[in-house]
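Worksheet: one structure, shown below.
The values are calculated or read from the model by the stated rules, or taken from the named source; none is laboratory data. None of these values were measured; they are calculated from a predicted model. Glycine gets a Cβ as well: all are built from the backbone with ideal geometry, and neighbour counts include every protein chain shown. The protein model used for the area step is the full one, side chains on, heavy atoms only, and it has no ligands, DNA or RNA in it. Shrake-Rupley method; radii C 1.70, N 1.55, O 1.52, S 1.80 Å.
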Amino acid sequence: MILLNNSQKLLTLYKSLARNIPESLKVYGSVYYINHGNPFNMEVLVDSWPEYQTVIVRPQKQEMTDDMDLYRNVYRIFTKVPQKVPDVLENHEVINWGQIFRIQGCQESLGEGIRAVAFSKSVRVKYLKAILYITDDILKLKVCNKSKAGSSCKAGPREDEHESGDPNFKFSRLDVSHAGLVNASWRPGRNERSLRYIQECLQKLPAYCLLGPDGVPVSWVGLESSCEAGMAYTVERYQSTGKVTQLIRSYMKYLRQKTIPFYATVLEENEKAHRSLMHHDFFAAACGWHQWICYPPEISSL
């Protein structure tokens, strides 16, 4: 595999990945942030250049020192030839099979190769599937080939950028002081490692919240390092009150202004979230969202 660290080549790759949306979205969104200062210290590997077949985005080696950290040890993959993925994954220079790690992608066809290599190494695999939701904005990138670098996104939305329409509620940036609140409601989290990951996301990426009458967030949404909109939650008291609708509309407006290529994922059983996203003109992509968590035999599962 070739380490792609030239800025012009990374921009070329970014534009090329747009032609494979939505299947390339996890990698596409990750490369977006690499091209914007690389706040999560990630790197890109390709099997060849410029005519590549497989792309892997992963954290740089110094970022993957905790063998138990599921939130940092993440590989995002896009491939044009799923049958050749095992050859790539076998390489210990590409994947550290001695750690607990996640592989994410928008191609279910990755699974066969992942499971085959994991079986050969006595690694247990836990598979998770979700619905991938995108908007027309994202789909248009595939045909217009205008994937742009965009503008700086670290500052996040200003408190006065949008109005809530209710003097008792105010839109605001969700910041690191709210990390504990987010972690407590985030289904994949609720532990110390997830708290550190959330703190990092809130420090480096734009996140939005709606402050209630007492100045505490009652609804929020943020981005992860692949441009996936996640960690979203509305406290029970304000669910079905329209507050989440106000929040999503304002957040989407902000992300579009900054040309950030956002998308969302929802577990199949979360009917409320499905209805909410479709109400905001998201639609389900046929490819779906897929994750494989790998547990080496010498490390107990979380």
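Some points to look at:
- Any hit, segment 197-212, residues being within 18 Å of the chain's Cα centre (by Cα) and assigned to a strand (DSSP E or B): yes
- Condition met for residue 213 (over 26 Å from residue 36 (Cβ atoms), modelled with pLDDT under 95 and not assigned by the TED database to the domain that holds residue 69): yes
- Considering residues of segment 44-77 that are aromatic (Phe, Trp, Tyr) and in contact (Cβ under 8 Å) with a residue 40 or more places away in the chain only, the residue surrounded by the most Cβ atoms within 10 Å (Cβ to Cβ): 71
- Unmet requirement for residue 260, which otherwise passes all of (1) farther than 18 Å from residue 25 by Cβ; (2) crowded, with 18+ Cβ neighbours inside 10 Å; (3) not assigned by the TED database to the domain that holds residue 127: (1)
- Of all residues in segment 226-245, those satisfying the criterion of being at pLDDT below 95 and either assigned to a loop (DSSP other than H, G, I, E, B) or not assigned by the TED database to the domain that holds residue 182 (or both) are 235, 239, 240, 241, 242.
- Residues that are under 15 Å from residue 1 (Cβ atoms) and more than 16 Å from the chain's Cα centre (by Cα), drawn from segment 34-49: 45, 46, 47, 48, 49
- For segment 254-273, the set of residues classified as in a helix (DSSP H, G or I), among the charged types (D, E, K, R) and closer than 23 Å to residue 37 by Cα consists of 256 only.
- Candidate set from segment 227-257 (those that are among the hydroxyl-bearing types (Ser, Thr, Tyr) and open to solvent by 20 Å² or more (accessible area, probe 1.4 Å)); member that is nearest to the chain's Cα centre (by Cα): 233
- Answer from 30, 7, 24 - the residue that is out of contact with any strand residue (DSSP E or B) (no Cβ under 7 Å at 6 or more places or on another chain) and among the small types (Gly, Ala, Ser): 7
- Any chance residue 167 is over 30 Å from residue 63 (Cβ atoms), modelled with pLDDT under 85, open to solvent by 70 Å² or more (accessible area, probe 1.4 Å) and not assigned by the TED database to the domain that holds residue 38: yes
- Residue count for segment 176-192, restricted to those that are closer than 13 Å to residue 216 by Cβ and of a type in the set (D, E, K, R): 0
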